[in-house]
Amino acid sequence: MKRRNWLLTLIMVMSLTIPSAHALMVDVPLETAVEEAELIVQGKISRTWADWNENRDLIHTYVVVLMNDLLKGPGQPINQVTFRFVGGEVGEVGLAESDMPRLEVGEEVIVFLHKRKEKYYRLVGEYQGKYRVEADKLSRKRIVTQAGYSVARKLEKYHVQDSRFPGRVFLTDFKRVVREIVREQQLKQRK
């Protein structure tokens, strides 16, 4: 146990000495996230694992999402998608970043993903590229939430709020808005 704590402390200290572009997270507007994403999918997390990179100096967590719905992406059907992010735990060594998303097997999500010439997809805007789909006990509908950010505020200009349930964004409304933004962006690209 002492060895593990020592290793975790060492990794944390080392990560503080490496400059990070993620030190300050700026709210990513939904339109920007849609534009930057190559793939937007709704699905359930079926598997996660962490592993070292090739140089064994960085840990990545890999996430497999079984897809229920494709909101943006290639025309050909896909059943699952794998993405990764920096951080995780391998054996007794762990690496944590402040902007790591929290993900659980079985969790239903909508993820905004891009590759940018990499082998694996990554979340757009780090953890801001992950939305959680959950049941709302008050409205008895499925809603979309995001850690640290108000989904309702991101969608204010689309007028999707139901005054009976302030602060909640229903899944159907969220998906409709995302699809509208995708269509608008595609039309602009064609012009």
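For Lys191, what charge total do you get from the other residues with a beta carbon under 14 Å from its beta carbon, if Lys and Arg give +1 and Asp and Glu give -1?
Value of the local net charge: +2.
Could you pull out every residue, at least 5 positions away or on a different chain, whose amide H is within less than 5 Å of the one on Met67? Hs are placed 1.01 Å off N in the peptide plane, and Pro or chain starts have none.
Gln80, Val81
What translational diffusion coefficient, in µm²/s and rounded to a whole number, does the Stokes-Einstein relation yield for region 148-191 at 20 °C and a viscosity of 1.002 mPa s, taking the hydrodynamic radius as the Kirkwood radius over Cα pairs?
187
Taking H as built 1.01 Å from N, whose amide H comes closer than 5 Å to the amide H of Leu58, not counting residues under 5 places away?
Asn53
Just round it to a whole percent: the fraction of Cα-Cα distances in region 70-180 exceeding 23 Å.
Considering region 70-180, 37 percent of its Cα-Cα pairs are separated by more than 23 Å.
Quick one: 3J(HN,Hα) in Hz for region 61-69, Karplus 6.51/-1.76/1.60 with θ = phi - 60°, rounded, Gly and Pro as x.
Couplings: 9, 9, 10, 10, 10, 7, 7, 9, 8 Hz.
If you take every residue apart from Gly148 with its C-beta less than 15 Å away from the C-beta of Gly148, what net charge results, scoring Lys and Arg +1 and Asp and Glu -1?
+1
So what are the radius of gyration and Dmax for the Cα set of the chain, in Å?
Just the Cα atoms of the chain yield Rg and Dmax of 18.1, 62 Å.
Give me the log10 of I(q) over I(0) for region 42-130 at q = 0.17, 0.19, 0.23, 0.26 Å⁻¹, as the Debye formula computes it from C-alpha points; what are the numbers?
-0.71, -0.88, -1.23, -1.48
Please give me the summed charge of the neighbours of Ser46: other residues whose Cβ is under 13 Å from its Cβ, Lys and Arg +1, Asp and Glu -1.
Residues near Ser46 contribute -1 overall.
Which residue, Glu38, Glu97, Glu118, has the most motion in a Gaussian network model of the chain that connects Cα atoms within less than 10 Å?
Glu118
Would you work out the charge dipole size for the chain about its Cα centre, treating the Cβ of every Lys and Arg as +1 and the Cβ of every Asp and Glu as -1, and quote it to the nearest 20 debye?
480
Using θ = phi - 60° and the Karplus curve 6.51 cos²θ - 1.76 cosθ + 1.60, what whole-Hz ³J(HN,Hα) does each residue of region 77-93 get, with Gly and Pro shown as x?
x, 10, 9, 8, 9, 10, 10, 9, 8, 6, x, x, 9, 10, x, 9, 10
Tabulate in residue order the Karplus-calculated ³J(HN,Hα) for region 182-191, using 6.51 cos²θ - 1.76 cosθ + 1.60 with θ = phi - 60°, rounded to whole Hz; enter x for Gly and Pro.
4, 4, 4, 5, 5, 5, 5, 5, 6, 6
Using Cα positions and a limit of under 15 Å, work out the aspartates and glutamates in reach of Lys115, with same-chain residues fewer than 8 apart set aside.
Excluding near neighbours in sequence, the set is Glu35, Glu36, Glu38, Glu126.
Check Glu38: other-chain or 5+ apart residues with amide H under 5 Å from its amide H, H built from backbone geometry?
Distant-sequence amide H within range of Glu38: Leu113, His114, Lys115.
Values quoted throughout were computed directly from the atomic coordinates according to the rules given, and no laboratory measurement underlies them. As the structure is a computational prediction, the values presented were derived from the model and not from experiment. Neighbour counts are summed over all protein chains in view; Cβ atoms, including those assigned to glycine, are modelled from backbone coordinates with ideal geometry.
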